[in-house]
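Pasting a structure below so you can have a look.
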Amino acid sequence: MAKTIYDKAEFMAKTGIAEDRLNALLEKQMFLPAGKVDGSTPYFDESSVQTLEPILKLFEIGYSLEDIVRIRQKVGLPGKGAVKTQPGQLPLLTVGELATRIGSNPRTIKHWEEKGIIEPDSYSPGGFRLYGEVYVQLCLLIMDLQLFGYSLDEIKVVADLFRDFVALKDDTGVFSPEKTAEKLALMKEQIAALHAKMDQFEQGIKRWRTLLRQRQKEIEAIAQGIEKDTRKAARKAPVPAEAK
């Protein structure tokens, strides 16, 4: 399920923190974004809200930023969760950036969404669709499958299994044992089918490379023959009287 994320302004409105105070926390790495969109724009999520709560409570009862830094260094902060000390590990891409990364266009991404082949990892409150880095690999796979002659319905099956595989890599308990076994069997079946399809393409590519090399040589021979005949005809042509 896609999670809600916030840009800086939305996060300040959500938590009530002033921009200068947030900037100071970010500068001292007391608090860091959940990740970045398109590799540069920071974003925040619900875990960011929870992480910030104990810091805001200390501000409310009169502690300064320097006091809070010392408290964290000595005993840690009270409340919900620990403060993140490393940047978020979930870079997100806008539709435009994802399209650029795969050499396509946003309309294609939207079409795949409408067919249920891909779905955003997150939405901003403003409605922007955002995708994890793994979608670059998935979208390139979709384009390859289209070249292999797969229909969009067939591609959706593979894309769903791709997402299941990513989920299982992160947490092998995400599905029941029975459902996991079923999905792994389907993955093996699809891999075998892809191998068979790739073998057919490799054989076809070899045939076409051989055929194209032969035809290229024949085309060059015809062109050289025409050029030779043209030069020969030019030498035999009578010289115009005015040129004598």
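The values are calculated or read from the model by the stated rules, or taken from the named source; none is laboratory data. If you're wondering where the values come from, they're calculated on a predicted model, not measured in any experiment. No Cβ is skipped: glycine too gets one built from the backbone with ideal geometry, and neighbour counts run over all protein chains shown.
Report, ordered by the first and then the second residue, all pairs with beta carbons closer than 6 Å, sequence separation of six or more or different chains, a first member in region 44-62 that is in contact (Cβ under 8 Å) with a residue 24 or more places away in the chain, and a second member that is in a strand (DSSP E or B) and buried (at least 20 other Cβ atoms within 10 Å of the Cβ).
F44/Y6; D45/I5
Sort through D153, D170 and tell me the only one that's under 30 Å from E10 (Cα atoms) and out of contact with any helix residue (DSSP H, G or I) (no Cβ under 9 Å at 6 or more places or on another chain). First the steps, then the outcome.
Numbers: D153 fails: under 30 Å from E10 (Cα atoms).
Only one candidate passes the filter, namely D170.
Here's a follow-up. Only one residue in K228, K188, K197 is out of contact with any Asp or Glu (no Cβ under 8 Å at 6 or more places or on another chain), under 23 Å from I117 (Cα atoms), modelled with pLDDT under 95 and of a type in the set (K, R), so which one is that? Spell out how you get there, then give the answer.
Details: K228 fails: under 23 Å from I117 (Cα atoms); K188 fails: modelled with pLDDT under 95.
Testing whether each residue is out of contact with any Asp or Glu (no Cβ under 8 Å at 6 or more places or on another chain), under 23 Å from I117 (Cα atoms), modelled with pLDDT under 95 and of a type in the set (K, R) leaves just K197.
Residue check: is Q146 closer than 28 Å to E114 by Cβ and exposed (fewer than 15 other Cβ atoms within 10 Å of the Cβ)?
For Q146, the condition - closer than 28 Å to E114 by Cβ and exposed (fewer than 15 other Cβ atoms within 10 Å of the Cβ) - is met.
State whether one or more residues within region 112-126 are without any contact (Cβ under 8 Å) to a residue 40 or more places away in the chain and under 30 Å from A13 (Cβ atoms).
Yes, because at least one residue in region 112-126 is without any contact (Cβ under 8 Å) to a residue 40 or more places away in the chain and under 30 Å from A13 (Cβ atoms).
Residue by residue through region 165-193, note down the ones that are outside the structural domain of V134 (by TED's automatic domain parsing) and in contact (Cβ under 8 Å) with a residue 24 or more places away in the chain.
Scanning region 165-193 gives L186, M187, Q190.
Give the residues of region 147-194 that are among the β-branched types (V, I, T) and part of a helix (DSSP H, G or I), sorted by residue number.
Residues of region 147-194 that are among the β-branched types (V, I, T), as a first pass: 155, 157-158, 166, 172, 174, 180, 191.
Correct list: I155, V157, V158, V166, T180, I191.
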